[in-house]
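The values are calculated or read from the model by the stated rules, or taken from the named source; none is laboratory data. Only a predicted model underlies this, so the values are computations on that prediction, with no experimental measurement involved. Positions of Cβ are generated from backbone atoms using ideal geometry, with glycine treated the same way; all protein chains shown enter the neighbour counts.
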Amino acid sequence: MYNLKERLIKILFTVLAFASLFFLLGIVFVLFKESLPIVFELNIFKFLTGTHWYPTHEPAEFGILPLMMASLWVTVGAMFVCIPLGIGTALYVNELASLRQKQFLKPVIEILSGIPSIVYGFFGMLIMAPLIQQIFNIPTGLNALTASIVLGIMAIPTVASISEDALSFVPKSFKEASYALGANRWQTLIKVIIPAAASGISTSIILGMSRVVGETMTVLMVSGGAAVMPRSFFDPVRPMTSTIAAEMGEAAVGSIHYHSLFAIGLILFLVTLVFNAFAEMISRKYRIKLGLDR
Amino acid sequence: MKNKIIQALGFSLITLSVIITLIFLVGIIYLIISKGISVISWEFLTSVPRKGMTAGGVAPAIVGTFYLTVGAVLFALPLGLACAVYLNEYSPKGFIVNIIRMSINNLAGVPSVVFGLFGLAVFVKFLGFGVSILSGSLTLGILILPAIISASQEALMAVPQSIREASLALGATQWQTIRKAVIPAAIPGIMTGVILSIGRAAGETAPILFTAATFYKRGYPTSIFSEVMALPYHIYALMTEGTKPDLQTPIAYGCALILLVIVLLVSAVAIILRNKYRSAYVH
């Protein structure tokens, strides 16, 4: 009797444990199913490489290249902000901060990473956009540059905290050996510690990128929203995420527009999936290399 | 000499980057507090919006965010805890565990707007829940599931093996051990995970965009099938819709402040608790 109950409970837990897999597969299934109709309605090649996104025109045109380019530009731009500042912050916390500064900075960075993206969007709209508009004397501050900067700021805590973890995993003996050979702190940092933590740092960058690519509300509010091929960083753009968020409300269920928004979601999902797989692969290799794998 | 100069230069660059980071991040918080504080009043927190969202309070949005968040936790906590218990207490190491781990990691990386699409297709349309608290809560619940699993797993792992052995030695079965010895010991850790997820769920906008949120609703929700106002969505709507930005922006500042206070307070409490709890077991 007892045995039966124990077994049933174990089976129940086993089933529930598959919830994540179930939802992940569910997401994949829904995205494929809802984007499939465009294969019959549109030319896939044109969908991916077309430069005109006029979903509500007559006749409508569905080319998502401008949206993908916008996501690419904004993501690359954000990297210029969050890589130096994020890694710099991690190095400071790990190498230069006193114990008290460390005890302050580490939780602060973690808490800051919880600021909701809508708040970054709000800040970008009210402060950063007017500032950029004035500095560069351009017609609108809502453009790719502003979006890049705000997204970059948003991703700093992600990059900083994961990089800092990687730096703190570097064995002390590496550092001591370097000092013993007469290297100073900077040389040790650049030639020993950073290379030893390189894969962890790259993981942080990839995860930061993944977060930026998938970020919705911030870009929806500050990128300007023009679905045209970006020519310069001062152009308003419309990345993939904000296209979905802005247009899903208007798209009639079952229309080509509706299905193409799901197709954009599918592409977005696949991109972040690849990023996460890369991050996972790198961090696994690195754990083995430093002998951290149990 | 040359080495010393390079080192000084390098270290000042690193210090500079920390300063810039702090200026940005602390600046955002400072800005919202300083501009939002003047809007906050008892009336703002407890009354309904008036004059086409240009005056009055934001109580329905606060209530809506509360319902959505509670719903998400009610859905994700039992599932997440069960998953963590399986991975930590029952699972044989191997193929199945790897698959589950992989799916948790990947689910954690899915963009929030994609969760919104999933919620729209499955809960709103397929299951027919409509744009409602229920659809929004379930969508947010899936979004926070990976975080709840990881936190619960960490908490279960921190329970010393001796507690399990003592319970088993007294003749308790594995389930009795888990229920009466392991989970109670892990509760503080699980709670911090839950609190952190509350902060996350309360601040998310994209997943509720097509599953739960609405801008124009004057009263309070009446059932789990009502659509709701929610703080993050309200900020977005105030900034992008409506015709009186000069009246709407201060209200948006007020909402941003409430949201920020909820999220930061909640996560600060959780992080401090967790750090205490972690060191309690290390030493």
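A single entry from B:Leu25, B:Leu87 fulfils the requirement of being surrounded by 16 or more Cβ atoms within 10 Å (Cβ to Cβ) and under 30 Å from B:Val182 (Cβ atoms): B:Leu87.
B:Ala155 passes every criterion in (1) within 14 Å of another protein chain (Cβ to nearest Cβ); (2) touching a Gly at 6+ places or on another chain (Cβ under 6 Å); (3) farther than 30 Å from B:Asp246 by Cβ apart from (1).
Is the stretch A:242-249 home to any residue that is polar (S, T, N, Q) and touching a strand residue (DSSP E or B) at 6+ places or on another chain (Cβ under 9 Å)? Before the answer, list the steps.
Here is the first cut: in the stretch A:242-249, the ones polar (S, T, N, Q) are A:242-243.
Next cut, touching a strand residue (DSSP E or B) at 6+ places or on another chain (Cβ under 9 Å) only: A:243.
Among the residues of the stretch A:242-249, at least one is polar (S, T, N, Q) and touching a strand residue (DSSP E or B) at 6+ places or on another chain (Cβ under 9 Å), which makes the answer yes.
Residues of the stretch A:77-102 being within 21 Å of A:Ser204 (Cα to Cα) and either touching a strand residue (DSSP E or B) at 6+ places or on another chain (Cβ under 9 Å) or without any contact (Cβ under 8 Å) to a residue 40 or more places away in the chain (or both), which ones? Matches in the stretch A:77-102: A:Pro84, A:Gly88, A:Tyr92, A:Leu96, A:Ala97, A:Lys102.
Just wondering, is there one or more residues in the stretch A:112-135 that are facing another protein chain (nearest Cβ under 8 Å) and within 30 Å of A:Lys172 (Cα to Cα)? Looking for residues that are facing another protein chain (nearest Cβ under 8 Å) and within 30 Å of A:Lys172 (Cα to Cα), one finds at least one in the stretch A:112-135, hence yes.
Given (1) touching a residue at least 24 places away in the same chain (Cβ under 8 Å); (2) closer than 30 Å to A:Val253 by Cβ; (3) out of contact with any Cys (no Cβ under 8 Å at 6 or more places or on another chain); (4) crowded, with 19+ Cβ neighbours inside 10 Å, identify the lone condition not met by B:Leu77. Tallying (1) touching a residue at least 24 places away in the same chain (Cβ under 8 Å); (2) closer than 30 Å to A:Val253 by Cβ; (3) out of contact with any Cys (no Cβ under 8 Å at 6 or more places or on another chain); (4) crowded, with 19+ Cβ neighbours inside 10 Å, B:Leu77 fails exactly one: (2). Scan the stretch B:181-227 for residues that are closer than 22 Å to B:Met53 by Cβ and without any contact (Cβ under 8 Å) to a residue 12 or more places away in the chain and the total you get is 1.
Given A:Val93, A:Val74, which one is buried (at least 16 other Cβ atoms within 10 Å of the Cβ), in a helix (DSSP H, G or I) and more than 10 Å from every other protein chain (Cβ to nearest Cβ)? Steps first, answer last, please.
On the way: A:Val93 fails: more than 10 Å from every other protein chain (Cβ to nearest Cβ).
The unique qualifying residue is A:Val74.
Scanning the stretch A:96-118 for residues that are among the β-branched types (Val, Ile, Thr) and assigned to a helix (DSSP H, G or I), we see that the one that is surrounded by the most Cβ atoms within 10 Å (Cβ to Cβ) is A:Ile118.
Matching residues to (1) under 24 Å from the mean Cα position of the chain (by Cα); (2) aliphatic (A, V, I, L, M); (3) closer than 30 Å to B:Val122 by Cβ; (4) facing another protein chain (nearest Cβ under 8 Å):
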position: A:Lys5; (1), (2), (3), (4): no, no, no, yes
position: A:Phe23; (1), (2), (3), (4): yes, no, yes, yes
position: A:Val39; (1), (2), (3), (4): no, yes, yes, no
position: A:Thr51; (1), (2), (3), (4): no, no, no, no
position: A:Tyr54; (1), (2), (3), (4): no, no, yes, no
position: A:Leu65; (1), (2), (3), (4): yes, yes, yes, no
position: A:Leu85; (1), (2), (3), (4): yes, yes, no, yes
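Looking across B:Leu238, B:Leu260, B:Leu265, one residue alone is under 16 Å from the mean Cα position of the chain (by Cα), assigned to a helix (DSSP H, G or I), within 11 Å of chain A (Cβ to nearest Cβ) and touching a residue at least 24 places away in the same chain (Cβ under 8 Å). It is B:Leu260.
Taking B:Tyr216 and the conditions (1) of a type in the set (Ser, Thr, Tyr); (2) part of a helix (DSSP H, G or I); (3) within 14 Å of chain A (Cβ to nearest Cβ), which numbered condition does it fall short on, given that it satisfies the others? Of the numbered conditions (1) of a type in the set (Ser, Thr, Tyr); (2) part of a helix (DSSP H, G or I); (3) within 14 Å of chain A (Cβ to nearest Cβ), the odd one out for B:Tyr216 is (2).
For A:Pro139, the conditions (1) within 25 Å of A:Ile111 (Cβ to Cβ); (2) surrounded by fewer than 24 Cβ atoms within 10 Å (Cβ to Cβ) all hold with the exception of (1). The condition (being surrounded by fewer than 17 Cβ atoms within 10 Å (Cβ to Cβ) and farther than 30 Å from B:Thr46 by Cβ) is satisfied by just one residue among B:Phe123, B:Phe115, B:Phe95: B:Phe95.
A quick yes/no check of all residues on (1) within 11 Å of another protein chain (Cβ to nearest Cβ); (2) in contact with a Phe, Trp or Tyr (Cβ under 9 Å, 6 or more places away or on another chain); (3) not in a helix (DSSP H, G or I):
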| position | (1), (2), (3) |
| --- | --- |
| B:Ile6 | yes, yes, no |
| B:Leu13 | yes, no, no |
| B:Ile28 | yes, yes, no |
| B:Ile40 | no, no, yes |
| B:Cys83 | yes, yes, no |
| B:Ile99 | yes, yes, no |
| B:Asn106 | yes, no, no |
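Applying the set (1) modelled with pLDDT of 80 or more; (2) surrounded by 20 or more Cβ atoms within 10 Å (Cβ to Cβ) to B:Pro250 leaves exactly one unmet item: (2). Here A:Ser283, A:Ser260 are screened, and the one residue that is at pLDDT 90 or above, in a helix (DSSP H, G or I) and polar (S, T, N, Q) is A:Ser260.
Can you pull out every residue in the stretch A:168-191 that is within 14 Å of another protein chain (Cβ to nearest Cβ), of a type outside the set (Phe, Trp, Tyr) and either surrounded by fewer than 22 Cβ atoms within 10 Å (Cβ to Cβ) or touching a Lys or Arg at 6+ places or on another chain (Cβ under 6 Å) (or both)?
Restricting attention to the stretch A:168-191, the residues satisfying the condition of being within 14 Å of another protein chain (Cβ to nearest Cβ) are A:178-179, A:181-191.
From the residues that got through so far, the ones that are of a type outside the set (Phe, Trp, Tyr) too are A:178, A:181-185, A:187-191.
Of everything in the stretch A:168-191, those that are within 14 Å of another protein chain (Cβ to nearest Cβ), of a type outside the set (Phe, Trp, Tyr) and either surrounded by fewer than 22 Cβ atoms within 10 Å (Cβ to Cβ) or touching a Lys or Arg at 6+ places or on another chain (Cβ under 6 Å) (or both) turn out to be A:Ser178, A:Leu181, A:Gly182, A:Ala183, A:Asn184, A:Arg185, A:Gln187, A:Thr188, A:Ile190, A:Lys191.
From the list A:Val30, A:Val108, pick out the single residue that is modelled with pLDDT of 90 or more, out of contact with any strand residue (DSSP E or B) (no Cβ under 6 Å at 6 or more places or on another chain) and within 12 Å of chain B (Cβ to nearest Cβ). A:Val30 is the lone residue from the list that is modelled with pLDDT of 90 or more, out of contact with any strand residue (DSSP E or B) (no Cβ under 6 Å at 6 or more places or on another chain) and within 12 Å of chain B (Cβ to nearest Cβ). Could you tell me whether A:Phe13 is under 27 Å from the mean Cα position of the chain (by Cα), closer than 30 Å to B:Ala147 by Cβ, at the interface with chain B (Cβ under 8 Å from one of its Cβ atoms) and among the hydrophobic types (A, V, I, L, M, F, W, C)? It is false that A:Phe13 is under 27 Å from the mean Cα position of the chain (by Cα), closer than 30 Å to B:Ala147 by Cβ, at the interface with chain B (Cβ under 8 Å from one of its Cβ atoms) and among the hydrophobic types (A, V, I, L, M, F, W, C).
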